[in-house]
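J.: Questions regarding the structure given below will be posed in turn.
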Amino acid sequence: MKPVYGRRGDKAGLLAAIHRGTDTLDAQRIKSEIVEAEDHVPSALQINAWLVEETSRGSSRKGAIISRRLENPVERAPNSYFLRRRPSPSRST
């Protein structure tokens, strides 16, 4: 499995829309940080699996059984980022 990273072309427009919105400055800052962090989220996963055959010299790939790209879509709109209004309740252990 190999993560696939790619540029998201909507980043500049999304950041501009966040800053034009009616959120508080703190909420705008947090949403902008989330958008920036999404650069480190894979846009897809490339998955490959093979049948493996044991030989006297070790093992070798015999044939591919799966070769598939799984997309990881991220909804990117200013109102798709939900921020909590209060902190999470603490857990007692």
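The values are calculated or read from the model by the stated rules, or taken from the named source; none is laboratory data. Worth saying up front: this structure is predicted, and the values here are computed from it rather than measured. Cβ sites come from the backbone with ideal geometry, for glycine too, and all protein chains shown count toward neighbours.
J.: When you check Val35 against the structure, is it of a type in the set (A, V, I, L, M, F, W, C) and touching a helix residue (DSSP H, G or I) at 6+ places or on another chain (Cβ under 9 Å), yes or no?
T.: Working: of a type in the set (A, V, I, L, M, F, W, C): yes; touching a helix residue (DSSP H, G or I) at 6+ places or on another chain (Cβ under 9 Å): yes.
Yes, satisfied.
J.: Inside segment 33-56, can you point out the residues that are among the hydrophobic types (A, V, I, L, M, F, W, C), touching a strand residue (DSSP E or B) at 6+ places or on another chain (Cβ under 9 Å) and over 15 Å from Gly6 (Cα atoms)?
T.: Matches in segment 33-56: Ile47, Ala49, Trp50, Leu51, Val52.
J.: If you don't mind, there's one more thing I want to ask. For Leu83, indicate whether it is modelled with pLDDT of 90 or more and not small (Gly, Ala, Ser).
T.: Working: modelled with pLDDT of 90 or more: no; not small (Gly, Ala, Ser): yes.
The answer is no for Leu83.
J.: Of the residues in segment 69-85, how many are over 21 Å from Ser32 (Cβ atoms) and basic (Lys, Arg)?
T.: Summing the residues that are over 21 Å from Ser32 (Cβ atoms) and basic (Lys, Arg) in segment 69-85 gives 1.
J.: Which residue pairs have Cβ atoms closer than 6 Å, lie 6 or more positions apart in sequence or on different chains, and pair a first residue in segment 57-72 that is over 20 Å from Lys2 (Cα atoms) with a second residue that is β-branched (Val, Ile, Thr) and assigned to a strand (DSSP E or B)?
T.: Ser59/Val52
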